[in-house]
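Comments concern the structure below.
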Amino acid sequence: LLLPLASHDYTTCGTGDNIRPVTIPDDLDRIEHAIGTYNVKFVVIDPIMAMLSESVDSYKDHALRRGLTPLVRIAAKHQCTVLMIRHLRKSEGPAIYRGGGSIGFTGLSRTVLCAAKHPTIEGDSVLAVTKTNLGPKPPSLNYRI
């Protein structure tokens, strides 16, 4: 979770030997406080699986939605975009199903992008919209790093 750090550290909770990383949904009050305090408009959670509390089963749609819906509400309240990074599984298949964890990540999101190696051009990569409900899907972008 990348948030501006001032006199407070919003990436960990606790003190002394009880310091632990911030987790979702357990620490959403701290996340919302940071977003509101600094008027944050873009939050990156990388990777989302590392930030989820042990109480959230990321492979069960209903559990995932219950855990992340409060974050969606916070983002809407503060007009803030949340970018969640999720890694691809090694299995083959349509890009929309390749992300780790439940399809609920895709269902909950307004737009899902997939970055991967280009299937036919050696050394190139592609960025494709695999889901959007904000408008028509744009064409994929071919790029090289």
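The values are calculated or read from the model by the stated rules, or taken from the named source; none is laboratory data. Since this is a predicted model, take the numbers as computed values, not measurements. All Cβ positions, glycine included, derive from the backbone under ideal geometry; neighbour counts span all protein chains shown. Remember, those area values only see protein heavy atoms, side chains included, never the ligands or the DNA or RNA. Shrake-Rupley method; radii C 1.70, N 1.55, O 1.52, S 1.80 Å.
A compact table of results
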| item | result |
| --- | --- |
| The listed residue being in contact (Cβ under 8 Å) with a residue 40 or more places away in the chain, at negative phi and not in a loop (DSSP other than H, G, I, E, B), out of 96, 74 | 74 |
| Single residue of the range 69-108 satisfying the filter (out of contact with any Leu (no Cβ under 6 Å at 6 or more places or on another chain) and of a type in the set (Ser, Thr, Tyr)) that is farthest from residue 58 (Cα to Cα) | 81 |
| Matching residues in the range 31-48 - criterion: being touching a strand residue (DSSP E or B) at 6+ places or on another chain (Cβ under 8 Å) and open to solvent by 70 Å² or more (accessible area, probe 1.4 Å) | 41, 42, 46 |
| Residue that is out of contact with any helix residue (DSSP H, G or I) (no Cβ under 9 Å at 6 or more places or on another chain), closer than 22 Å to residue 20 by Cα, surrounded by 15 or more Cβ atoms within 10 Å (Cβ to Cβ) and not hydroxyl-bearing (Ser, Thr, Tyr), where the choices are 84, 51 | 51 |
| Matching residues, the range 53-71, being part of a helix (DSSP H, G or I) and out of contact with any Phe, Trp or Tyr (no Cβ under 7 Å at 6 or more places or on another chain) | 61, 62, 63, 65, 66, 67, 68, 69, 70, 71 |
| Hits in the range 69-81 (condition: farther than 25 Å from residue 127 by Cα and open to solvent by less than 70 Å² (accessible area, probe 1.4 Å)) | 69, 70, 71, 74, 78 |
| Residue list for the range 60-100, filter: in contact with a Pro (Cβ under 8 Å, 6 or more places away or on another chain) and of a type in the set (Gly, Ala, Ser) | 67 |
| Within the range 93-145, tally of residues that are at pLDDT below 90, of a type in the set (Gly, Ala, Ser), open to solvent by 40 Å² or more (accessible area, probe 1.4 Å) and out of contact with any Cys (no Cβ under 6 Å at 6 or more places or on another chain) | 1 |
